[in-house]
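Each remark here refers to the structure printed beneath this line.
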Amino acid sequence: MCLFCKIVAGEIPSTKVYEDETVLAFRDIAPMAPTHILVIPKAHIPSVDGITAENSAVVAHIFEIIPAIAAQEHLVGGYRVVSNCGPDAGQTVNHLHFHILGGAELSTQMA
Ligand code: AMP
Ligand code: ZN
């Protein structure tokens, strides 16, 4: 089981900020901004490359949830949503996840 599947299963602890039947959001263990949250599908999808017509409904759902999390976290000044896909992007956990970064003015450098 991958790291994030273990978090979904409750085998590894996490600080949850949102959960429903198909989606989990929790605080990143090594925050890169004052607010740094990871939003994941509970089902294992390896990365953005693994999104298909069969599983993309959960991705749409994640993008409905993200603004609600941002509001809950009072990210009134805005926020950034990032998904690293593959080695060139520095993906370290091979379970699809979307970073929500905010709580301060972020770097203008995206790459
Ligand atoms: P990425 O590098 O885009 O694959 O993002 C993986 C993220 O998972 C990194 O920002 C890590 O800090 C974060 N991470 C790794 N292990 C944990 C964990 N046990 N709980 C919360 N976040 C984690
Ligand atoms: Zn997984």
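The values are calculated or read from the model by the stated rules, or taken from the named source; none is laboratory data. Computed from a predicted model, the values in this text were never measured in an experiment. Glycine also receives a Cβ, built like all others from the backbone with ideal geometry; neighbour counts cover every protein chain displayed. Side chains are part of the model used for accessible areas, which takes the heavy atoms of the whole protein and leaves out ligands, DNA and RNA. Shrake-Rupley method; radii C 1.70, N 1.55, O 1.52, S 1.80 Å.
Within the span defined as the stretch 51-67, every residue fails to be touching a helix residue (DSSP H, G or I) at 6+ places or on another chain (Cβ under 8 Å) and near ligand 1 (Cβ under 10 Å from one of its atoms).
Out of curiosity, is residue 38 in contact with an Asp or Glu (Cβ under 9 Å, 6 or more places away or on another chain), of a type outside the set (Asp, Glu) and open to solvent by less than 20 Å² (accessible area, probe 1.4 Å)? In short, yes. Condition test on residue 92, is it free of Cβ contacts under 8 Å to residues at least 40 places away in the same chain, under 20 Å from residue 6 (Cβ atoms), within 11 Å of ligand 1 (Cβ to nearest atom) and more than 11 Å from the chain's Cα centre (by Cα)? In short, yes. Scanning the stretch 53-111 for residues that are open to solvent by 50 Å² or more (accessible area, probe 1.4 Å) and either among the acidic types (Asp, Glu) or within 16 Å of ligand 2 (Cβ to nearest atom) (or both) yields 54, 64, 88, 92, 94, 105.
Taking the listed residues 22, 15, the one that is touching a helix residue (DSSP H, G or I) at 6+ places or on another chain (Cβ under 9 Å) and of a type in the set (Ser, Thr, Tyr) is 22, with no other qualifying.
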